[in-house]
Amino acid sequence: MQGTLAKLGLRHPLIVAPMAGGPSSPALVAASSSAGALGSIGAAYSSPAAIEEFTQNVRARTDRPFAINLFIQHPQPEVDAATLERAISETAKYRAELGLPVPEFAAPYEEDFDRQFEAVLRARPAVLSFVFGVLSTEYMRAARKAGMLIIGTATTPEEALALEESGVDAITLQGYEAGGHRGIFDPSAEDSEIGIEDLLARSLKKAKVPLIAAGGIMTGSDIRSILARGASAVQMGTAFLATSEAGTSAPYRAALAGVERKTRTTRAFSGRFARGVENRFMNEVDAGAVMPFPAQNKFTRDIRAASTAKGSPDFLSLWSGTGSGELWRGPASDLIARLFPA
Ligand SMILES: Cc1cc2nc3c(=O)[nH]c(=O)nc-3n(C[C@H](O)[C@H](O)[C@H](O)COP(=O)(O)O)c2cc1C
């Protein structure tokens, strides 16, 4: 590990990605950190009380450093009655199939960022990481004062430069290969679709802080190759989705099984681009009937939960990167040992 990241005292230049919505269990975060990587709590959808409980749960299992990750909040979108009507009628057949009532739907569409941030300050993890933009000066100062290392996420060299100028300690470069939400700053912007090698090469010319490469990194040789290209560390999500500690649900695990996973990006689940395994919901929902993030995310939550409860992958967000190969199904510590052979 180089530069400020060395302060963390990690044995391996690996961040096990925050994976909000289930996969990042306290057991996975703690196992990753105990094995010499940096485990990450995906707290984006968590209430302040849940953030506190999760953190205590991790601390009960490990005394090694870990990160807490948040989604930066943008002004909440206006959802007019006609748009909501369209979204309701577009999804009516799925709710009927799953035996769900038409939802009561109103703002707020997500947890209050200010309260989440206060909970993170109280929890004092070694690292605060975030996606979807630049943290305000006031929050940067508060995080710094609490002794946290600050890591932002960029999908373009321009976003990396903006993060560096904001004073972050390191930047996660999220290549187009990456599973889960694209960290694009502007929620309504098109995706620049830059792959990790290109993004790293171009960002190295602009940013001086350590760059952490993410997207499609699956093996020890992938890690060595991207470190040789100038990355200070890697961040891996998909490779850890099927580990024994991950909170990944049974139908999600089943959809990830096999060597090849056909993935693409979609706005259908949350209103923001995210990469996942193709399924019925992704293929059928008309893009014109999708509300902006995070309204769509809240609107589809009951459908996703019912799909999981039924054991069906049809209406689930099956976030996954483009990386191929069987996913490791044993303990995360064994996967980390395989990625970094002595
Ligand atoms: C299931 C899943 C959930 C994710 N959730 C988050 C999240 O909450 N916050 C975040 O910064 N990144 C999240 N990501 C993206 C990862 O940080 C990282 O960019 C990605 O996993 C790297 O690509 P890979 O999946 O090919 O390894 C998620 C990825 C996956 C697969």
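Looking at segment 174-185, I want the residues that are free of Cβ contacts under 8 Å to residues at least 12 places away in the same chain and under 14 Å from Ala162 (Cβ atoms) and have a partner that is part of a loop (DSSP other than H, G, I, E, B) and more than 7 Å from the ligand (Cβ to nearest atom) with Cβ atoms under 8 Å, at least 6 apart or on another chain. Which pairs are those?
Note: no pairs meet the criteria.
Here's the yes/no breakdown for (1) within 14 Å of the ligand (Cβ to nearest atom); (2) open to solvent by less than 30 Å² (accessible area, probe 1.4 Å); (3) among the β-branched types (Val, Ile, Thr); (4) modelled with pLDDT of 95 or more:
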position: His181; (1), (2), (3), (4): yes, yes, no, yes
position: Leu199; (1), (2), (3), (4): yes, yes, no, yes
position: Ala214; (1), (2), (3), (4): yes, yes, no, yes
position: Ile223; (1), (2), (3), (4): yes, yes, yes, yes
position: Gln235; (1), (2), (3), (4): yes, no, no, yes
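Kindly state which strands (runs of 3 or more DSSP E) lie completely within segment 83-186 and contain at least 3 residues that are within 22 Å of Pro210 (Cβ to Cβ), in contact with a Pro (Cβ under 8 Å, 6 or more places away or on another chain) and not hydrophobic (A, V, I, L, M, F, W, C). First the steps, then the outcome.
Working: elements: 127-131, 149-154, 170-174.
Answer list for segment 83-186: none.
Collect the residues in segment 295-327 that are closer than 26 Å to Gln73 by Cβ and acidic (Asp, Glu), keeping them in residue-number order.
The answer is Asp302, and nothing else.
Evaluate the following for Ala254: is it more than 14 Å from the ligand (Cβ to nearest atom) and either hydrophobic (A, V, I, L, M, F, W, C) or in contact with a Gly (Cβ under 8 Å, 6 or more places away or on another chain) (or both)?
Values: more than 14 Å from the ligand (Cβ to nearest atom): yes; either hydrophobic (A, V, I, L, M, F, W, C) or in contact with a Gly (Cβ under 8 Å, 6 or more places away or on another chain) (or both): yes.
The answer is yes for Ala254.
Could you identify the single residue in Leu227, Leu256 that is touching a residue at least 60 places away in the same chain (Cβ under 8 Å) and in the same structural domain as Ala37 (by TED's automatic domain parsing)?
Every option except Leu227 fails the conditions.
Would you check which residues across segment 298-342 are open to solvent by 10 Å² or more (accessible area, probe 1.4 Å), of a type in the set (S, T, N, Q) and either farther than 17 Å from Leu28 by Cα or in a loop (DSSP other than H, G, I, E, B) (or both) and list them?
Once the filter is applied, which keeps residues that are open to solvent by 10 Å² or more (accessible area, probe 1.4 Å), of a type in the set (S, T, N, Q) and either farther than 17 Å from Leu28 by Cα or in a loop (DSSP other than H, G, I, E, B) (or both), segment 298-342 yields Thr308, Ser312, Ser317, Thr322, Ser324.
The values are calculated or read from the model by the stated rules, or taken from the named source; none is laboratory data. Remember, it's a predicted structure, so these values are computed and weren't measured experimentally. All Cβ positions, even for glycine, are placed from backbone atoms using ideal geometry, and neighbour counts span all protein chains on display. The protein model used for the area step is the full one, side chains on, heavy atoms only, and it has no ligands, DNA or RNA in it. Shrake-Rupley method; radii C 1.70, N 1.55, O 1.52, S 1.80 Å.
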